[in-house]
Every structure is written in C-alpha cells, then in structure tokens.
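Below is one structure, written out as structure tokens; the observations come after it.
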Amino acid sequence: MPDTAPPVSPDSAPFRARVLALVERIPAGRVMTYGQLATLAGSPGAARQVGYIMNTVAESELPWQRVINAQGAVSTDKLGFGDIQRGLLVAEGIAFDASLRCDLKRLQWWPDEEEAGGQTGLF
DNA sequence: TGCTTGACATGCT
DNA sequence: AAGCATGCCAAGC
C-alpha cells in the first residue's frame, strides 16, 4: 500500500538537479549562460544559484566548463581557474576574442535544437 | 525559522 | 568601455 507518497516527482525535483541535468546535455563546442539555465530550470533570475551549484560539482564529470555568463565570458577568473575553463572550451572549438569573450549568438545552445534534429542558425 | 552567502544579470555613472 | 551598486533566488548554518 502506498503508505508513502513519492518524496519528489521529476517536476518538483530540486532546482539543483534540474540545472545539473541541463548542463549534462550541453553538447561539446556549445555553451549556456547562468541566466538561461536558471530560466530553463524554472526559476528566472536564479542565475547566481546556478553558479553556486556549479561550484559544488566542479569536480564532477559534468561539462561545467560550458556554463558561462551572459557576457560570453567565463566567471571563474577570480576563482583561479578561468584559464583552465577557457582552455577546455578552446579545445572544443570555441574561440575567444581579445576581451576573453566568445560569440554567444553563435555558440549559445538551446535544448530545443536537440528536438529540432540539428543546429539552428548555424551558418 | 530567519539571516547570510554567492562561478550572475541589469542599469546607471 | 569599464566599474560600481542593486536585485534575484536557492542553499547552508
């Protein structure tokens, strides 16, 4: 007998779990912003939380390197491994300009592209 | 339960 | 263009 209701349903999964699930789906050579992840996770404006979460999984196997800020730059410079993050992204084919920023319009990934069956707006 | 912290975002100077 | 201050929301204590 169902004496115990489901503790958590997928929809009510912790904000953190949703963000991590999205990050895990970012394809190589693409990036997502903190604000975008927060919005997709169901909480627009919780961008800071996304960064906080990433800090707890930085040693995980998640492609944390593909999460950057809305300015197209990494936010890990003050943490001491900004160069490492950029290096990982460059290795995936992402280019940074003199201001250490990449072209978000071209590299920002959207989950819908997965269902669309291909890249959209590339070229 | 309530206060403080943050890998951000946005606006203004 | 770059720096400073404020707003946001979830997690930790």
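The values are calculated or read from the model by the stated rules, or taken from the named source; none is laboratory data. Predicted model, so just to flag it, every value in this text is computed and none were measured. Ligands, DNA and RNA are stripped out before the accessible areas are found, and what is left, the full protein with its side chains, is counted by its heavy atoms. Shrake-Rupley method; radii C 1.70, N 1.55, O 1.52, S 1.80 Å.
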Per-residue accessible area, 1.4 Å probe, largest first, puts A:75, A:99 in the order A:99, A:75
Region A:33-118 accessible area per residue, 1.4 Å probe, protein heavy atoms, integer Å², reads 59 Å²
With bins of 5 Å, the percent of all Cα-Cα pairs of region A:12-101 per bin from 0 is 3, 15, 28, 27, 17, 8, 2, 0, 0
